[in-house]
Amino acid sequence: MANLLWLQGGACSGNTMSFLNAEEPSACDLVTDFGVNVLWHPSLGLELGENLKKLLNALTSGQMPLDIFVFEGTVVNAPNGTGEWNRFAGRPMRDWVSDLSKVANFVVAVGDCATWGGIPATAPNPSESQGLQFLKRNQGGFLGKDYKSKAGLPVINIPGCPAHPDWITQIVVAVATGRGADLKLDEFQRPKTFFTSFTQTGCTRNMHFAYKVSATEFGQRKGCLFYDLGCRGPMTHSPCNRVLWNRQSSKTRAGMPCMGCTEPEFPFFDLAPGTVFKTQTVMGVPKDMPSGVDKTGYIKLTAAAKAASPRWAEEDIFVV
Ligand code: SF4
Ligand code: SF4
């Protein structure tokens, strides 16, 4: 049995909704098939008031082992570093996070707010929010860059706004079944199994990307969303076109550009208002290039690709 505790800081509950909709495995499978003992969760926990405090104190004092501490949402430090704006079970949530992280075997940050601060930590950040071990791209966050859980791992970051349900439950299974220490993490502490490839991997519009056939409207069934609609698929690490949403689709399959929600800079508020879904260009060349592509190569390649575009690349891919 692996004891799991899930707490929520500055959050919209989106990752809880995602978790409760997981399918492979489901939240119920975690309990029935993988030996996860959910001690408490904001939507599932039965204990309230003094009983909840008793449970939390048993964990922080070491009376009861804590195998997996999952945190959703930011660590709220306002006002003035006290954390009083986000109280929980009789004290600032930030104090519970600090104490529980000291006794947990593994700490898992779920969603952008818990990983890098997400929307709440975007300037001017009135709630003085931090991610558990990052603030945007900077390592450190609330627990500090040297933090390691009792099992010797830093915080395991599962980003996304929200994170895909199966990313969450599959990582919990890995940890609960004793394979947590084998998880390979990237420079942002994301499990490599999910966050090495780009959102573009598996996108059904790759042929349109290659031949520079562009979609100019949301939901348009033909064309790549990179050239006019600001798709960040070639710059974003996520398996959204490999591990499909609701087991059947993804943003780009539905004609919606990837917004880069698994990267630390999300939500890219540096863009001018009204231009989120507009590809930013400098002299006709996209400002943000697909990873590993230089500007000169891009200009040559796209000119040739456009000229060589076969007729089928211009046809509606969904015609039956
Ligand atoms: S840029 Fe976006 S829409 Fe185009 S192929 Fe890549 S992921 Fe798909
Ligand atoms: S397609 Fe992009 S914005 Fe959408 S969930 Fe995946 S990574 Fe996030």
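The values are calculated or read from the model by the stated rules, or taken from the named source; none is laboratory data. What you see is a predicted model, and the numbers here were worked out from it, not measured in a lab. We place every Cβ from the backbone using ideal geometry, glycine too, and count neighbours over all the protein chains shown. To get the accessible areas, we keep the full protein, side chains included, count just its heavy atoms, and leave off ligands, DNA and RNA. Shrake-Rupley method; radii C 1.70, N 1.55, O 1.52, S 1.80 Å.
At 1.4 Å probe size, put ARG232, ARG311 in order of accessible surface, largest to smallest. Working shown, then result.
On the way: ARG232 40, ARG311 195 Å².
So the residues, ranked largest to smallest area, are ARG311, ARG232.
In Å and from the alpha-carbon atoms only, list the Rg and Dmax of the stretch 22-157.
15.1, 45
Can you tell me the Rg and Dmax of the stretch 84-156, counting just the alpha carbons, in angstroms?
Cα radius of gyration and Dmax of the stretch 84-156 are 12.1, 36 Å respectively.
Extension gain GLU24-TYR298, at 0.36 nm per residue separation less the Cα-Cα distance, in nm?
Length gained between GLU24 and TYR298: 94.7 nm.
Taking the Cα atoms of the chain, what is the range of coordinates along each of the three principal axes, in descending order and whole Å?
Ordered largest first, the chain gives principal extents of 70, 45, 30 Å.
Can you tell me the orientation of helix 295-308 relative to the chain, as the angle in degrees between its alpha-carbon axis and the longest Cα principal axis, to the nearest 10?
50 degrees
Just by accessible area at a 1.4 angstrom probe, what is the order of ILE119, ILE168 from largest to smallest? Provide the component values of the computation, followed by the final result.
Details: ILE119 90, ILE168 0 Å².
The ranking, largest first, comes out as ILE119, ILE168.
Please find, in a Gaussian network model of the chain (springs between Cα atoms separated by less than 10 Å), the residue of TYR298, TYR227, TYR147 whose mean-square fluctuation is greatest.
Ranking TYR298, TYR227, TYR147 by mean-square fluctuation puts TYR298 first.
Between SER291 and THR122, what length in nm is gained on full extension when 0.36 nm per residue of separation is reduced by their alpha carbon distance? Can you show the working numbers first?
On the way: separation 169, 0.36 × 169 = 60.84 nm, distance 2.44 nm.
Gain in length upon complete extension: 58.4 nm.
Pop out the carbon and sulfur fraction of the accessible area of the chain as a percent, whole number, probe 1.4 Å. Mind dumping the intermediate values first?
Numbers: 8220 of 14820 Å².
Carbon and sulfur atoms account for 55 percent of the accessible area of the chain.
Normalised by the residues of the chain, what does the relative contact order come to in percent, with Cα pairs under 8 Å and at least six apart? Working shown, then result.
Values: 626 pairs, mean separation 47.0, N = 320.
Answer for the chain is 15 percent.
Could you work out the local net charge near LEU46, counting Lys and Arg as +1, Asp and Glu as -1, over the other residues with Cβ closer than 15 Å to its Cβ? Write out the running numbers ahead of the final one.
Details: positive: LYS53, LYS54; negative: GLU47, GLU50.
Residues near LEU46 contribute 0 overall.
With a sphere of radius 10 Å drawn around the Cβ of GLY255, what net charge do the other residues whose Cβ falls strictly inside it have (Lys, Arg +1; Asp, Glu -1)? Write out the running numbers ahead of the final one.
Numbers: positive: ARG205, ARG221, LYS222, LYS251, ARG253; negative: GLU217.
Charge balance near GLY255 sits at +4.
Starting from the Cα-Cα distance between SER61 and ASP33, subtract it from 0.36 nm times their residue separation and give me the gain in nm to one decimal.
On the way: separation 28, 0.36 × 28 = 10.08 nm, distance 2.92 nm.
Gain in length upon complete extension: 7.2 nm.
Output the pairs from LYS102/LYS150; LYS192/LYS278; LYS102/LYS145 with a Cα-Cα distance over 18 Å in this structure; if there are none, say none. Could you put the intermediate results ahead of the total?
Working: LYS102/LYS150 7 Å; LYS192/LYS278 30 Å; LYS102/LYS145 14 Å.
Long pairs (Cα-Cα over 18 Å): LYS192/LYS278.
Out of GLY202, GLY260, GLY117, any idea which swings most in a Gaussian network model of the chain, alpha carbons joined below 10 Å?
GLY202
What percent antiparallel are the DSSP beta bridges of the chain, to the nearest 5?
Numbers: 12 of 31 bridges.
Antiparallel: roughly 40 percent of the beta bridges in the chain.
Need one value: the accessible area of MET207 in square angstrom, 1.4 angstrom probe, rounded to the nearest 10.
60 Å²
Whole Å is fine, so just give me how far the alpha carbon centre of the stretch 21-53 lies from that of the stretch 173-223.
28 Å
How far apart, in nm, are the 7 Å Cα→Cβ label points at ALA181 and LYS306?
For ALA181 paired with LYS306, the spin-label model returns 5.6 nm.
Which of these, LEU153, LEU183, LEU301, has the largest mean-square fluctuation under a Gaussian network model of the chain (Cα springs below 10 Å)?
Top of the fluctuation ranking is LEU301.
Largest first, what is the accessible-area ranking of LYS145, LYS222 with a 1.4 Å probe?
Working: LYS145 120, LYS222 60 Å².
My answer, sorted largest first, is LYS145, LYS222.
Could you list log10 I(q)/I(0) for the stretch 176-302 at q = 0.15, 0.18, 0.19 Å⁻¹, which the Debye formula gives when each Cα is one point scatterer?
Log10 I(q)/I(0), no solvent term: -0.73, -1.01, -1.11.
Solvent-accessible area per residue for the chain at a 1.4 Å probe radius, Å²?
Values: 14820 Å² over 320 residues.
Per-residue value: 46 Å².
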